[in-house]
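The values are calculated or read from the model by the stated rules, or taken from the named source; none is laboratory data. The model shown is predicted, which means the values in this text are computed figures rather than measured ones. Here the Cβ is made from the backbone with ideal geometry for all residues, glycine too, and neighbour counts use every protein chain on show. Note: accessible area is taken over every heavy atom of the protein model, side chains too, but ligands, DNA and RNA are not part of it. Shrake-Rupley method; radii C 1.70, N 1.55, O 1.52, S 1.80 Å.
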Amino acid sequence: MVKICGIGAGYVGGPTMAVIALKCPSIEVAVVDISHSRISAWNSNKLPIYEPGLEQVVNQCRGKNLLFSTDVEKHVHEADIVFLSVNTPTKTRGLGAGKAADLTYWESAARMIADVSKSNKIVVEKSTVPVRTAEAIEKILTYNTNSKGIKYQILSNPEFLSEGTAIQDLLNPDRVLIGGNQCPEGLQAIQKLKAIYAHWVPEDRIITTNLWSAELSKLADNAFLAQRISSINSMSALCEATGAEVSQVSHALSKNTKIGPKFLNASVGFGGSCFQKDILNLVYICESNGLNEVANYWKQVIKMNDYQKNRFVRRVVTSMFNTVSGKKIAILGFAFKKDTGDTRKTPAIDVCKGLLGDNACLSIYDPCVIEEQIQKDLSMDGVEFDHPVHLQPMNSTMVKQVSIVGDAYEATKDAHGICILTEWDEFKNIDFQRVYDSMQKPAFVFDGRNILNAEKLREIGFIVYSIGRPLEQWLISMA
């Protein structure tokens with residue numbers, strides 16, 4: 001029986017290994033992590049991450065050919081193939097701070113593999129890493145195991161999952177990318193990994209490249225997607241200024257087959273663990289190679305995203321008589337997108353901090369994000385979000401004006417305004433007449449996801465702001 005070990009039981013490692021176990025019952029899959037609490041959660045009835053369909057997959061395989069363990073060294077030692085899915089957050093200090101990827105956890109995992117290995121192994125990069133990271137992995141493994149006569153092949157197999165649809169993305173991927181050395185041994189390793197995916201992925205969707213192309217493709221993929229979001233968000237500002245309707249512009253663009261319909265919904269901004277981190281990484285690589293014009297081009301994608309969040313906050317404050325001091329603002333949605341509990345780099349963090357900076361009182365409701373996570377997110381700075389918990393500071397004074405509540409009606413009671421920051425489906429079904437009756441007047445709705453019927457809200461009596469849509473007279477006069 002082929003044995004696979006996945007190091008890292010997070011958003012990538014856990015679901016990916018579970019689906020491999022589901023589709024390859026003859027392969028023994030071990031998911032390992034040094035976090036006892038995380039592994040305990042994977043072995044419980046309450047998984048550590050929320051992802052539609054994940055629980056069913058885990059329940060089908062756990063205890064058969066899928067196990068979760070903290071005995072990292074044992075399962076790495078026994079494995080034929082080791083998947084590395086450890087965090088590669090942005091550096092917070094030192095050379096490249098604020099841009100470069102921090103490879104501390106990745107290097108530690110590579111050294112551990114070298115220490116415990118007694119047989120040849122294929123090591124697969126799943127984490128998003130800088131170009132030529134595989135070369136560094138190979139050096140660490142080779143220099144630490146020369147005397148053992150062990151041989152390694154390094155493959156790059158980046159993930160292209162979208163949170164909220166990760167299981168479907170894994171079960172029916174639009175492509176699987178495998179990069180490896182183009183020597184006979186490297187090509188053989190590529191074929192071994194390709195054979196695993198071939199259990200359920202059509203061969204024409206499995207793309208093979210050299211190592212460097214695979215590593216760069218992942219960074220480029222996220223950069224291009226983020227660029228589309230920033231592009232349509234830039235149009236949303238122009239639409240508001242000219243009276244155009246951004247959804248109509250998006251629809252017209254989507255009918256151009258060279259552009260297509262995806263990632264053309266204007267919003268308060270993009271979030272998640274990957275987009276900003278990977279663009280910053282790309283910027284750092286460009287600068288390191290003297291490509292400053294290229295670096296500046298990609299920096300603008302992040303600048304536009306920051307501009308969109310700041311613009312939203314300014315709209316809230318200026319609309320409400322140029323101050324939200326002491327006013328209750330209901331925040332509906334905190335996750336960076338619907339169908340996930342992930343809050344990493346969610347635009348809600350910057351919007352909430354902006355409102356708190358004007359002394360607002362926030363009442364936050366999200367169906368999947370717990371109070372502890374929200375308070376922690378509002379206390380952290382910059383790029384700390386993806387580092388271990390013990391390195392994440394907690395400053396309780398920052399969240400005194402924040403309350404976390406159990407439903408939308410509690411959040412909006414006696415509020416002056418509502419901010420929709422996540423496109424949860426349940427928000428479309430709220431009884432807004434009931435909400436309006438319980439709010440302070442005038443009552444405002446600021447729809448950061450364009451999911452509500454603005455005209456119906458105005459008929460009830462709300463003053464409504466929707467991103468990229470023509471502004472009503474109140475908003476124009478208060479700007």
Residue under evaluation Lys328, criteria (1) modelled with pLDDT under 95; (2) open to solvent by less than 70 Å² (accessible area, probe 1.4 Å), criterion not met: (1)
Residue in region 452-473 that is part of a helix (DSSP H, G or I), closer than 16 Å to Phe321 by Cβ and not hydroxyl-bearing (Ser, Thr, Tyr) present: yes
Which numbered condition Val123 misses (of (1) within 30 Å of Val201 (Cβ to Cβ); (2) at pLDDT below 95): (2)
Residue match in region 223-232 (condition: outside any loop (DSSP other than H, G, I, E, B), among the charged types (D, E, K, R) and outside the structural domain of Thr16 (by TED's automatic domain parsing)): yes
The lone exception for Val301 - which of (1) more than 30 Å from Gly96 (Cα to Cα); (2) open to solvent by less than 50 Å² (accessible area, probe 1.4 Å); (3) in contact with a Ser or Thr (Cβ under 7 Å, 6 or more places away or on another chain) it fails: (1)
Neighbours by Cβ (under 7 Å, 6+ apart or cross-chain): first from region 150-177, modelled with pLDDT under 95; second aromatic (Phe, Trp, Tyr) and open to solvent by 30 Å² or more (accessible area, probe 1.4 Å): Glu163/Tyr11
Breaking point among (1) open to solvent by less than 60 Å² (accessible area, probe 1.4 Å); (2) polar (S, T, N, Q); (3) more than 24 Å from the chain's Cα centre (by Cα), for Asn322: (1)
Residue within region 247-263 that is open to solvent by less than 10 Å² (accessible area, probe 1.4 Å), closer than 29 Å to Thr343 by Cα and either hydroxyl-bearing (Ser, Thr, Tyr) or outside any loop (DSSP other than H, G, I, E, B) (or both) present: no
